[in-house]
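First the structure, in the form of structure tokens, and then the observations on it.
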Amino acid sequence: CDEKAIEPLEDLLFELGFEVMTPSIEGGEAEIKQIHQHNLQHCHGALVYYGAVSKPWVDMKLMDIAKAPGYGRDTELLASAVCIAPSDDRRKARFRTHLAEVLRPESPTVTGADLEPFTTALRV
């Protein structure tokens, strides 16, 4: 449900020199799961966008990131983060986790400065 909202974020990351892989939403359930696990197995970082999605969806994605070594990763991710879209939602405002960096852009238009903790960790 955030596919359109993340397009500027995808563009920004690409312009900053990162190869962006987004979750597949086409195909059968098994194929989508296989692609997701393959991406987690081979990526250097994972960014979860918390816009219109539910908190349980975000929690599930964070659990997937934590399970990445079980998918055959032989190194740790360089960076993982949750980018929370601005909102009046109290649950989103209170979101915290030890599993990833939490990024809180002040504007719906995410900037390079908003992503700096994530992008800096990827460039190490």
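The values are calculated or read from the model by the stated rules, or taken from the named source; none is laboratory data. The model shown is predicted, which means the values in this text are computed figures rather than measured ones. Cβ: placed from backbone, ideal geometry, glycine included. Neighbour counts: every protein chain shown. Areas reflect the complete protein model, heavy atoms only, side chains present, ligands, DNA and RNA absent. Shrake-Rupley method; radii C 1.70, N 1.55, O 1.52, S 1.80 Å.
Miscellaneous remarks
- Scanning region 86-105 for residues being hydrophobic (A, V, I, L, M, F, W, C), in contact with a helix residue (DSSP H, G or I) (Cβ under 7 Å, 6 or more places away or on another chain) and not in a loop (DSSP other than H, G, I, E, B) gives a total of 1.
- Within region 28-46, the set of residues being part of a helix (DSSP H, G or I) and surrounded by 13 or more Cβ atoms within 10 Å (Cβ to Cβ) comprises Ile32, Lys33, Gln34, Ile35, His36, Gln37, His38, Asn39, Leu40, Gln41.
- The residues listed here are Thr111, Thr119; of these, the one that is among the hydroxyl-bearing types (Ser, Thr, Tyr), surrounded by 15 or more Cβ atoms within 10 Å (Cβ to Cβ) and out of contact with any Cys (no Cβ under 8 Å at 6 or more places or on another chain) is Thr119.
- Residues in region 73-86 that are closer than 21 Å to Ile6 by Cα, in contact with a strand residue (DSSP E or B) (Cβ under 9 Å, 6 or more places away or on another chain) and open to solvent by 20 Å² or more (accessible area, probe 1.4 Å): Ser80 only.
- Residue within region 59-81 that is under 15 Å from Phe18 (Cα atoms), of a type outside the set (Lys, Arg) and in contact (Cβ under 8 Å) with a residue 40 or more places away in the chain present: yes
- Here Pro69 fulfils each of the conditions (1) open to solvent by 60 Å² or more (accessible area, probe 1.4 Å); (2) at positive phi apart from (2).
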